[in-house]
Amino acid sequence: MTLPDSYPGRDSHPGRDSFSGRHSRDSYPGRNGEIYDLGTHWRQLVQHWVARRNYHTVHDTVSVSLQFDLHEAGRVVTVRFMTTKRLLVAFATDGNFLRQDQLAIAAAASNAWNTEQLNPMLSVWDVRGPRPCLAGVCDLPLTCRITQADFDALANDWVERARQMFSRCHQVFKL
């Protein structure tokens, strides 16, 4: 995954821990729009991105989830945006629980996808649990600074990769 021009540390220099001028550390105007501190404004960035798309969304105290149809597989993909202590995470699943006899094929599908894309994203999630599934995970450090436009492009890419990934798992691996 390539990060947009606003990545952690892009504008930082050793020994410089604040911005000069009247703008806060959380956001400041940039040449391509306002730049947001992801750790503070992740929910706003996600909500503004989602508002311009035709996704069913659910907001709760810890996440923003969206759903879109995966027509070719007859399924719905859910992408849940949430934070950990250090990351914004987009967790995607197609809601298809794997049977025990599908785990090896699902692991092979994950390995194939991750190798071909050169970006580990797909995994068999919760193998020890009662209902494992395929899951895609993308993340960004909460220390990022990013414009709404750059976030929109990145989130669009994550959703498109999830669409391609689950379509391929269904079509090629019959998962």
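Suppose we filter the range 131-162 for residues that are outside any strand (DSSP E or B), of a type in the set (D, E, K, R) and closer than 15 Å to L88 by Cβ; how many remain?
Selection size over the range 131-162: 3.
Name every residue in the range 33-67 that is farther than 14 Å from L88 by Cα and either in contact with a Cys (Cβ under 6 Å, 6 or more places away or on another chain) or assigned to a loop (DSSP other than H, G, I, E, B) (or both), in order of residue number.
Residues satisfying the conditions are R52, R53, N54, Y55, D60, T61.
Would you check if there is a residue in the range 95-114 being under 30 Å from Y36 (Cβ atoms) and aliphatic (A, V, I, L, M)?
Checked the range 95-114: no residue is under 30 Å from Y36 (Cβ atoms) and aliphatic (A, V, I, L, M).
Of the residues in the range 113-130, how many are open to solvent by 20 Å² or more (accessible area, probe 1.4 Å), under 21 Å from R75 (Cα atoms) and either modelled with pLDDT of 95 or more or part of a helix (DSSP H, G or I) (or both)?
Going through the range 113-130 one residue at a time, the tally reaches 0.
Does at least one position in the range 52-69 carry a residue that is charged (D, E, K, R), more than 21 Å from K174 (Cβ to Cβ), open to solvent by 50 Å² or more (accessible area, probe 1.4 Å) and touching a residue at least 60 places away in the same chain (Cβ under 8 Å)?
Yes, some residue in the range 52-69 is charged (D, E, K, R), more than 21 Å from K174 (Cβ to Cβ), open to solvent by 50 Å² or more (accessible area, probe 1.4 Å) and touching a residue at least 60 places away in the same chain (Cβ under 8 Å).
Give the number of residues within the range 83-112 that are outside any loop (DSSP other than H, G, I, E, B), in contact (Cβ under 8 Å) with a residue 40 or more places away in the chain and within 17 Å of L175 (Cα to Cα).
Qualifying residue count for the region: 9.
Kindly indicate the residue of the range 131-171 that is closer than 20 Å to R86 by Cα and of a type in the set (S, T, Y) and also surrounded by the fewest Cβ atoms within 10 Å (Cβ to Cβ) among those meeting that condition.
Top of the filtered list is T143.
The values are calculated or read from the model by the stated rules, or taken from the named source; none is laboratory data. Note that the structure is predicted; figures quoted are calculated from it, not measured. FYI the Cβ positions are ideal-geometry reconstructions off the backbone, even for glycines, and counts take in every protein chain you see. SASA here: full protein model, heavy atoms, side chains in, ligands and nucleic acids out. Shrake-Rupley method; radii C 1.70, N 1.55, O 1.52, S 1.80 Å.
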